[in-house]
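Written out below as structure tokens is the structure these notes cover.
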Amino acid sequence: MKLKILTLLMLLSLAGGMACAEQRVRVTNEMIYQKLLEIEKRQAVLEAELREFKEATNKRFQDMNRRFEDLREDMNRRFEQVDKRFEEQRGFMEILAGIFTALVAAVIALVIWDRRTAVRVAIKEASREMEKEYGLSNLKKILEALREKAQTDKELAAILRNYGLL
């Protein structure tokens with residue numbers, strides 16, 4: 001079936017081609033000249049349209065370039081502003097770090113001073129109490145006795161060295 005349809009279509013197209021060949025039209029020089037004039041006119045119109053298109057396209061590209069330049073300059077300004085803000089914040093952070101360091105150093109110095117002062121007061125009070133209870137001369141005698149004993153007793157010598165009495 002398909003083969004029959006295909007054969008029929010081929011015969012019809014062949015017959016149509018033959019009919020066209022029989023109806024030959026005589027082409028004259030004037031007809032060719034008219035067609036060439038029409039083609040030249042169309043070509044001139046197309047060239048003018050192409051020029052206009054190129055000019056419009058160039059203008060659009062120039063406008064886009066201007067916009068991109070403006071955008072780039074605006075971005076550069078914004079980046080400079082952000083950099084300036086970071087620099088300001090960095091300076092502020094450095095000031096805060098300096099203040100914090102100074103406060104920490106002051107607190108440490110106060111703690112050390114207070115400890116030394118407290119230790120001195122404690123030593124003085126302990127000395128007074130011992131003087132009252134034992135008398136200063138008796139304490140000196142006890143210390144001398146312990147030092148003499150430490151010469152023969154190594155364990156006592158180690159204890160006195162630990163306390164800075166030997």
Per its Cα gyration tensor (rounded if a/c is under 1.5, else prolate when a/b beats b/c, else oblate), the range 99-166 is best filed as oblate
Under 5 Å between amide H atoms, partner at least 5 residues away or on a different chain: which partners does ASP153 have, H built in plane at 1.01 Å?
-> none
Nearest 0.05, what FRET efficiency do GLU52 and ARG26 give at R0 = 45 Å with Cβ-Cβ as r?
-> 0.65
Lysine pairs, Cα distance under 28 Å, 8 or more residues apart or cross-chain: how many in the range 36-152?
-> 11
What is the range 65-119 by shape, rounded, prolate or oblate, if you read a ≥ b ≥ c off the alpha carbon gyration tensor as root eigenvalues and call it rounded for a/c under 1.5, prolate for a/b larger than b/c, and oblate otherwise?
-> prolate
Hydrodynamic radius by Kirkwood for the range 41-166, inverse mean 1/r across distinct Cα pairs, in Å, is 24.3
Pair ARG120, LEU143: separation of 7 Å Cα→Cβ label points (nm) = 1.9
Euclidean distance between Cα centres, the range 125-166 to the range 37-102, Å | 89
Tell me, what % of the accessible area of the range 25-166 is carbon and sulfur with a 1.4 angstrom probe?
-> 59
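The values are calculated or read from the model by the stated rules, or taken from the named source; none is laboratory data. No experiment lies behind these values; they were computed from the predicted model shown. So basically every Cβ, Gly included, is an ideal-geometry build from the backbone, and we count neighbours across all protein chains shown. Protein only, heavy atoms only, side chains kept; ligands, DNA and RNA dropped before computing areas. Shrake-Rupley method; radii C 1.70, N 1.55, O 1.52, S 1.80 Å.
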